[in-house]
Amino acid sequence: MASGDGHSLRVNISVVDGLVVLSLFGEVDIASVPILQEHFQRQFAEGSQRMIVDLEGLDYLDSTGLGCVTAARRQAREAGGDLLLVCTRQRVLRLFNITGLDQVFVICRSVAEATARLQGNEP
Amino acid sequence: MTERGEVSLRLPAEPDMVSVARLTFAGLASRLGFDFDGAEDIRTAVTEALSLLLRRAADGAKGTLEVAVIWSPQALEITVRHRGATAGATRDRGETAIAVMVMEALTDSAAIEDWATDCPTVRLTKSRLGG
């Protein structure tokens, strides 16, 4: 369950077709968001500029998590890359809809779709 | 459960305590007859209120988080306070605006009071009529 010190967020890192995929499991809130920030900063420090964040394993995401992902997207784009999301969970998508962030992020239905988009194989 | 009543919870003002409140009030909402979506709305709104208050606080600030819920056949009135709060330097990345937007969308009313005091408060109301 926990990534590190007892928080209910786990982050799996994988590489798909040369792109970094962060898969989130559990809950992102004010207690666990430092774990996610640390993962993003590690990826940027290692030179990753194009990444996919898979939210399919998330049970809960709050405004702190939205802010974190939005900041990471901004950082990726400023470095010439991008950050795409994968999510079909209605409860999580609802927060993006309420805040209008669904118009900011590219939200894909699968990692394969996000990978194709980032590699320019799909409009 | 009774038609009218109240529950209150006091917690140390620490981020780890937010999930405790989230679970508690999701369970209460369910007991009060809210459907899954209604209970989710309440637990999300309470989480946003608590996170808003904790983000405002200075690093290392102490104090107590209080969540009080009063219900009637018509509505739930939720009051979330941070007693003994000390305001810190803002590290906001837009989360405050997002939190307010979310609370307003998921409840019938959301108001922030006494923001500049040592007891900032968020008041939420959620109708029980129509689930």
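Quick notes on this one:
- Residue within segment A:19-41 that is farther than 29 Å from B:L54 by Cα and either touching a residue at least 40 places away in the same chain (Cβ under 8 Å) or part of a loop (DSSP other than H, G, I, E, B) (or both) present: yes
- Pairing residues of segment B:26-52 that are at negative phi and more than 14 Å from chain A (Cβ to nearest Cβ) with residues that are crowded, with 23+ Cβ neighbours inside 10 Å and part of a helix (DSSP H, G or I), at Cβ distances under 6 Å and at least 6 apart in sequence or on separate chains, gives B:A29/B:I42.
- Among the residues listed as B:T86, B:T64, B:T44, the single one being polar (S, T, N, Q) and under 12 Å from the mean Cα position of the chain (by Cα): B:T44
- The conditions of being of a type in the set (D, E), within 16 Å of B:S127 (Cβ to Cβ) and surrounded by fewer than 20 Cβ atoms within 10 Å (Cβ to Cβ) are not met by B:D41.
- Hits in segment A:48-77 (condition: more than 14 Å from chain B (Cβ to nearest Cβ) and outside any strand (DSSP E or B)): A:S48, A:Q49, A:A76, A:R77
- From the list A:V69, A:V104, the lone residue that is under 29 Å from B:E48 (Cα atoms) and crowded, with 18+ Cβ neighbours inside 10 Å is A:V69.
- Here B:T96 fits the description: closer than 28 Å to A:Q75 by Cα and surrounded by 13 or more Cβ atoms within 10 Å (Cβ to Cβ).
- Test: residue in segment B:28-49 that is charged (D, E, K, R), part of a loop (DSSP other than H, G, I, E, B) and more than 19 Å from A:A31 (Cβ to Cβ): yes
- Scope segment B:1-27; condition at pLDDT 90 or above, of a type in the set (S, T, Y) and either part of a helix (DSSP H, G or I) or more than 12 Å from the chain's Cα centre (by Cα) (or both); matching residues: B:S19, B:T24
- Test: residue in segment B:71-80 that is within 13 Å of another protein chain (Cβ to nearest Cβ), more than 16 Å from B:P120 (Cβ to Cβ) and not aliphatic (A, V, I, L, M): no
- Complete set of residues in segment A:78-104 that are in contact (Cβ under 8 Å) with a residue 12 or more places away in the chain, within 14 Å of chain B (Cβ to nearest Cβ), assigned to a loop (DSSP other than H, G, I, E, B) and not β-branched (V, I, T): A:R89
- Subset of segment B:50-82 [outside any loop (DSSP other than H, G, I, E, B) and surrounded by fewer than 16 Cβ atoms within 10 Å (Cβ to Cβ)]: B:T64, B:A68, B:I70
- Among the residues of segment B:89-129, the one identified as closer than 30 Å to A:V104 by Cβ, more than 14 Å from chain A (Cβ to nearest Cβ) and over 15 Å from the mean Cα position of the chain (by Cα) is B:A89.
The values are calculated or read from the model by the stated rules, or taken from the named source; none is laboratory data. The structure displayed is predicted, hence computed values, not measured ones. Cβ sites come from the backbone with ideal geometry, for glycine too, and all protein chains shown count toward neighbours.
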